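What follows is calculated from the coordinates using simple rules that are stated; it is not laboratory data. Model, not experiment: these values are computed from the prediction. Note that each Cβ is placed from the backbone with ideal geometry, even for glycine, and that neighbours are counted across all protein chains shown.
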Amino acid sequence: MASKSDIDVAIDKVLTDFKISTLKAEQRTILDCLIEKKDCMAILPTGFGKSLPYQMLVSVRRELEKETSSDDVGKVIVCSPLVALMADQVDRINAVPNVTAAYRGACSNGDDDILKGKFDYLFASPETLISDKKWRMTLQQMNVSLIVVDEFHTICTWGGVGEQEEETAFRKWFRYIGELRSMFTTANLLALSATCTTTMRKRVMRELHMHKDLTTIISKSPNKPNIKFCVQKIDNTIDMSMVWLVDALEKLKIDFPRTIIYSNTIKQLSELYSYLCTENPDAVHLIDMFHSETPEEKKKL
């Protein structure tokens, strides 16, 4: 086991590579857990930087163990629910010197390189990691030192509860994420979320086989004073329920506060987008849509 001073030196060196001056206390606690190969659950606000500790891990281990390959210090597998999240994290990691990240599905050549083990960090969905036998068997042969379950609350919200809900679950393989522990028996696990109730936390710890006495739990209030939620009963028709938005956009234009409107379906979203653009054509440049079928080049804007 490396001394604390050695760890401090290694972390300072890697922080320079990441162009960051220092870690927050919670980030350092997470990173220390990962270095010590302990399980950790972190419930921290969106934008806090809870991904940074695992993004630094391979580089820190290389500094401590004087190795150059993740085949030696161990690869990191990140189970993530959305391609947009994976692509963003991969871009961030690949901007760091001497570290390689990839995600399943970026391109066919990229997938071939992943299967050959040419990565330090792999981002993939539960469907890829657990239900796809080819990928599952190939990845099991690799030296994986850390499993990261990002947005772990989706185990509860998307995976369903009980056998009766399996067929109706939004993405049933989320309930089987715990199988990653049996695939990579020597790896420790980091579970991350910004949205988690006490009931969810207990269920996820059970599903991921995280022993409460052996797991470090880090949490911080998600409250952000500059963000508010408004719940209002509205008319069923778009023109009646959204006329306030049309009026506000026409009046305030570019000074209108940033607002996110969630929809249950792409169809509903398209109808709302068309309505807003038709009613206020001068504000078209202030309105946009984001969904699973949005073109990749537009998602990056």
Using only the alpha-carbon atoms of the stretch 82-149 as identical scatterers, what base-10 log of I(q)/I(0) does the Debye formula give at q = 0.15, 0.24, 0.28 Å⁻¹? -0.45, -1.22, -1.60
Scoring the chain by relative contact order with C-alpha pairs under 8 Å, at least six apart, yields a percentage of 19 percent
Packing-based ranking, highest mean first, of 61-68, 28-35 given that Cβ atoms within 10 Å are counted: 28-35, 61-68
For the stretch 188-198, in order, what is each residue's ³J(HN,Hα) by Karplus, 6.51 cos²θ - 1.76 cosθ + 1.60 with θ = phi - 60°, in whole Hz (x at glycine and Pro)? 8, 10, 10, 10, 10, 6, 10, 10, 7, 8, 4
Shape of the stretch 1-51, Cα gyration tensor, a/c cut at 1.5: oblate
Determine the distance separating the Cα centre of the stretch 97-142 from the Cα centre of the stretch 63-79; give it in Å without decimals. 15 Å
Expressed in nm², what is the orientationally averaged projection area of the convex hull enclosing the Cα positions of the stretch 16-134? 7.9 nm²
Under the rule of at least 5 residues apart or a separate chain, name every residue whose amide H is placed under 5 Å from the amide H of Ile217. Met41
Qualifying lysines (Cα of each under 24 Å from Cα of Lys228; at least 8 residues distant if same chain): Lys50, Lys220, Lys251, Lys253
Can you give me the Rg/Rh ratio for the chain, using Cα atoms for both radii and the Kirkwood formula for Rh? 1.01
Under 1.5 on a/c is rounded, so check that first for the stretch 131-218, then, if it is not, pick prolate when a/b is larger than b/c and oblate when it is not; a ≥ b ≥ c are the square roots of the alpha carbon gyration tensor eigenvalues. oblate
Would you calculate, for the chain, the mean residue ellipticity at 222 nm contributed by helices, counting each DSSP H stretch of 4 or more residues as -39,500 (n - 2.57) and dividing by all residues, to the nearest 500? -11000 deg cm²/dmol
Neighbour cut-off at most 13 other Cβ (10 Å), DSSP loop, chymotrypsin sites (Phe, Trp or Tyr not before Pro), the stretch 172-222: none
